[in-house]
Amino acid sequence: MPADTTCITMPGPWRHEKIQANGAQFHAAIAGEHRDDRPLVLLVHGFPQYWWAWRNQIEPLAGAGYHVVAIDRRGIGGSDKTPNSEDGLTLAFDIISVVRALGARKTVLVGHGRGGALGWSAVSMEQNLFAGLVTVSSPHPRTLHRVGMHVTLRTWRHVLASMISPLSQKGLVREDAVRSLLTEWSAPNNDGAAAQAELYAQALQLPGAAKVSLDQLRWTWRSQHSPTGRKYLRESANAIHVPVLAVRGEQDPLLPDRAWNKDLEFAFGPYRKMRIADAGHFVPEEQPDVFTKVLLDFLATIEL
């Protein structure tokens, strides 16, 4: 039976396009048009999601005059599922290459979870392309590789679970399992993300998607033990001088507030950390209106 790809091309106030970059083809939901006086806004999703995670932000951003591009990361959603799609160095260069392919003079990169970590890295590697960085539920990637109590026991439980390939991969494509994960990582009684479990499970059922998603998580936690991973962490550690906004849900069960304490070792420009009440790990979905306003306020401060 052919794979059901309707979740990728969900209709809405956006258009679906393909972007050729870094040797792969990336699916993107796009709204708005280029303007010389506004930065491109590139939205990069986290785990276990795809571009649909930004559905609540795309239209308001475009309505405010921004060119908005929400991509599916390599190996996920409608983007190419190439061999070795888990390498963080490749994934960071994917973001850089997508920005170049879009031809924007300056870009504000907005990344959630794993997308936020890659955002830190992409800006560190090619700062001249970016005018600002917004990370959601994502302290600097080097912090997460330090020994210490900056991650919770629940975080480590999910890390260990992701190492058990056959069981976790089969579980990840079940709607009930995806809903359970989204619920557990959200604030209590908030179903902003969990209500989309059917679509996220459908995207993970696409050939190779669940395996790639888990391989990317495993690579993240094992990266310091490989030459490529160590290079990725070195390249991610350059001083960042563009404005940075770090957003955390106050009830994020995966990462405690102290996980952001080391961000200023890397963010040398304007830096602000904002906590969003009644939100867990999936802030843009759990508190969409609040997050959209925070994002628009930040964008209004960006100077090109």
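Tabulated results
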{"quantity": "Residue under evaluation Asp257, criteria (1) crowded, with 17+ Cβ neighbours inside 10 Å; (2) modelled with pLDDT of 90 or more, criterion not met", "calculated": "(1)"}
{"quantity": "Some residue of the range 47-70 being modelled with pLDDT under 95 and closer than 28 Å to Arg179 by Cα", "calculated": "yes"}
{"quantity": "Inter-residue pairs, beta-carbon under 9 Å, first on the phi > 0 side of the Ramachandran plot and in the range 220-233, second at pLDDT 80 or above and open to solvent by 60 Å² or more (accessible area, probe 1.4 Å), 6+ apart", "calculated": "none"}
{"quantity": "Strands (runs of 3 or more DSSP E) contained in the range 1-111 and holding at least 3 residues touching a residue at least 12 places away in the same chain (Cβ under 8 Å) and open to solvent by 30 Å² or more (accessible area, probe 1.4 Å)", "calculated": "15-21"}
{"quantity": "The range 282-304, residues that are modelled with pLDDT of 95 or more and either among the charged types (D, E, K, R) or in contact with a Phe, Trp or Tyr (Cβ under 8 Å, 6 or more places away or on another chain) (or both)", "calculated": "Phe282, Val283, Pro284, Glu285, Glu286, Asp289, Lys293, Asp297, Leu299"}
{"quantity": "Counted residues, the range 184-202 - those being surrounded by fewer than 20 Cβ atoms within 10 Å (Cβ to Cβ) and at pLDDT below 95", "calculated": "1"}
{"quantity": "Close pairs from the range 280-304: first open to solvent by 10 Å² or more (accessible area, probe 1.4 Å), partner assigned to a helix (DSSP H, G or I) and at pLDDT below 95, Cβ under 8 Å, at least 6 apart", "calculated": "His281/Trp185"}
{"quantity": "Unique match (being assigned to a strand (DSSP E or B) and not polar (S, T, N, Q)) among Leu206, Leu245, Leu217", "calculated": "Leu245"}
{"quantity": "Scan of the range 1-31 for residues that are among the basic types (Lys, Arg) and in contact with a Gly (Cβ under 9 Å, 6 or more places away or on another chain), ordered by number", "calculated": "Lys18"}
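The values are calculated or read from the model by the stated rules, or taken from the named source; none is laboratory data. All of these numbers come straight from a predicted model, not from anything done at the bench. Here the Cβ is made from the backbone with ideal geometry for all residues, glycine too, and neighbour counts use every protein chain on show. What goes into the accessible areas is simple: the full protein's heavy atoms, side chains included, and nothing from ligands, DNA or RNA. Shrake-Rupley method; radii C 1.70, N 1.55, O 1.52, S 1.80 Å.
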